[in-house]
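Step one of this worksheet: look at the structure below.
The values are calculated or read from the model by the stated rules, or taken from the named source; none is laboratory data. Note that the coordinates shown come from a computational prediction; the quantities given were computed from them, not determined experimentally. Methodologically, a virtual Cβ is constructed for each residue, glycine included, from the backbone with ideal geometry; neighbour enumeration extends over all protein chains shown. Surface accessibility is based on the protein's heavy atoms, side chains included, excluding ligands, DNA and RNA. Shrake-Rupley method; radii C 1.70, N 1.55, O 1.52, S 1.80 Å.
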Amino acid sequence: MKRIRIAFFDTQEYDKTSFDSRNINNEFDITYYETRLTKDTVNLAKGFDTVCAFVNDEICKEVIDTLVSFNIKFLALRCAGYNNVDISYAKDKIHIVRVPAYSPYAVAEHAIALLLTSIRRIHKGYIRTRDFNFSLNGLTGFDLYNKTVGVVGAGKIGRVFINICKGFGMNVLVYDNHQDPNLDVKYVSLDELFKESDVISFHCPLTNENRHIVNSKTIQTMKTGVVIINTSRGGLIDSEALLEGIKTRKIGAACLDVYEEESNVFYHDYSNHIVNDDTLVRLISMPNVIVTSHQAFLTKEALFNIADTTLSNIKKYFNENIIENEIMYQ
């Protein structure tokens, strides 16, 4: 049987490890490219049967047209979200599938790790003891017990996060457009959630409707000292407004695994370079901000699930003409 040729974009070493380990029978001929998929790099896909893309690849009009001209009618996203896809233009031109669930535990646990690290000053304590400084001055945190956490989005990841928060004895408020009567939580309006929560965590996809859901106006409705966690998509938060909220002490802390302008920064080593994004530089410089490089998904279990689902999506299309996990077009 002919091997399916895959052009794999935005490749990291862990991608190669996980996908190669799942390509046991060499059913797939995978060429790994480190570069992101953009209108400037899409020509690398010429001659392939399909393309595998990630969260910061640009599936725009120009990319779609070029792929179609190469007779590529199927694109596999190895992620759950697809806000990087021009979904209205893609409709009826190319099939785009995704990985709807890989490990909700990975993302939810990372959100909790960021929260605990921030409020208990673990990162600062670690740095001190590495220098044999065992002073506790300035490391005072607060209990999560009996605090109110607002969860925006109660899908698979949000529900795991909710269960963990309940284990800490937190009061949980939830905002979601689709309320599940079987979920033992208190559903509230977004305004009430912002007003009443000590901690706010985002677990929802990015849409045109909720872009910059955290902005200068909504920040003013929040509790003074609120902790904001975002492990979903950077565009949910207006970064300049967040920065201003931190500077005015309205926001007590921010835990960010995503950033709205991350595509040219995250997954790359700039330790010996000057980062041109002044907003990101200022955020990272704040003592009450923790930024990780979109790594919440990065567990062995999640990587293997991503590889299994992605390769299964591709194989079923090419071998059985079955399309599974297709995105919702507009």
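Under the rule of -39500 (n - 2.57) per DSSP H run of 4 or more residues, summed and divided by the residues of the chain, what mean residue ellipticity at 222 nm is obtained, to the nearest 500 deg cm²/dmol? Per the formula, -10000 deg cm²/dmol.
For the range 239-318, GluC sites (Glu not before Pro) meeting the loop criterion (DSSP other than H, G, I, E, B) and having at most 15 other Cβ atoms within 10 Å: E261. Mind listing which chymotrypsin sites (Phe, Trp or Tyr not before Pro) in the range 127-193 are in a DSSP loop and have 15 or fewer other Cβ atoms within 10 Å? When the chymotrypsin sites (Phe, Trp or Tyr not before Pro) of the range 127-193 are filtered for loop state and at most 15 Cβ neighbours within 10 Å, F132, F134, F142, Y145, F168 remain. Given 4 °C and 1.567 mPa s, compute D for the range 267-318 with the Stokes-Einstein relation, Rh being the Kirkwood radius over Cα pairs; round to the nearest whole µm²/s. So the translational diffusion coefficient is about 91 µm²/s. Given a cut-off of 26 Å, name the pairs among K2/K39; K124/K195; K16/K39; K147/K300; K46/K315; K186/K223 whose C-alpha atoms lie farther apart than that in the structure shown. Table pairs above 26 Å Cα-Cα are K2/K39; K124/K195; K147/K300.
Which of rounded, prolate or oblate describes the range 181-325 when judged by the alpha-carbon gyration tensor and an a/c cut-off of 1.5? Judged from the Cα gyration tensor, the range 181-325 comes out oblate (a/c at least 1.5, b/c at or above a/b).
Name the helices (complete DSSP H segments) of the chain with a Cα length along the long axis of 15 Å or more and a Kyte-Doolittle mean of at least 0.0, or state none. Both cut-offs are met by 104-119, 156-167. Surface composition of the range 1-67: carbon and sulfur atoms hold 45% of the protein heavy-atom accessible area at a 1.4 Å probe. Enclosing the Cα atoms of the chain in their convex hull gives a volume equal to 155 cubic angstrom per residue. So which aspartates and glutamates pass the test for K156, namely a Cα distance under 15 Å, with those fewer than 8 places away in the same chain ruled out? Within the straight-line cut-off, K156 pairs with E109, D176, D180, D184. The chymotrypsin sites (Phe, Trp or Tyr not before Pro) of the range 211-287 that meet both conditions, a loop assignment by DSSP and at most 14 other Cβ atoms within 10 Å of the site Cβ, are Y270. Our Cα-only numbers for the range 86-204 put the radius of gyration and Dmax at 18.5, 63 Å.
Across all C-alpha atoms in the range 31-100, the radius of gyration and Dmax reach 10.7, 29 Å.
Of the residues Y105, T129, Y82, the one whose Cα sits farthest toward the positive end of the charge dipole of the range 1-130, with +1 on the Cβ of Lys and Arg and -1 on the Cβ of Asp and Glu, is T129. Close amide H partners of I251, meaning residues 5 or more places away or on another chain with modelled amide H under 5 Å apart, are G225, I246. Compute a Gaussian network model of the chain, connecting alpha carbons closer than 10 Å, and tell me which residue from N137, N276, N26 fluctuates the most. Among N137, N276, N26, the largest mean-square fluctuation in the Gaussian network model of the chain belongs to N137. For the pair the range 147-207 and the range 65-110, the centres of their Cα atoms are 27 angstrom apart.
Computing the accessible area with a 1.4 Å probe over protein heavy atoms, can you report the carbon and sulfur percentage for the range 291-330? C and S atoms contribute 48 percent here.
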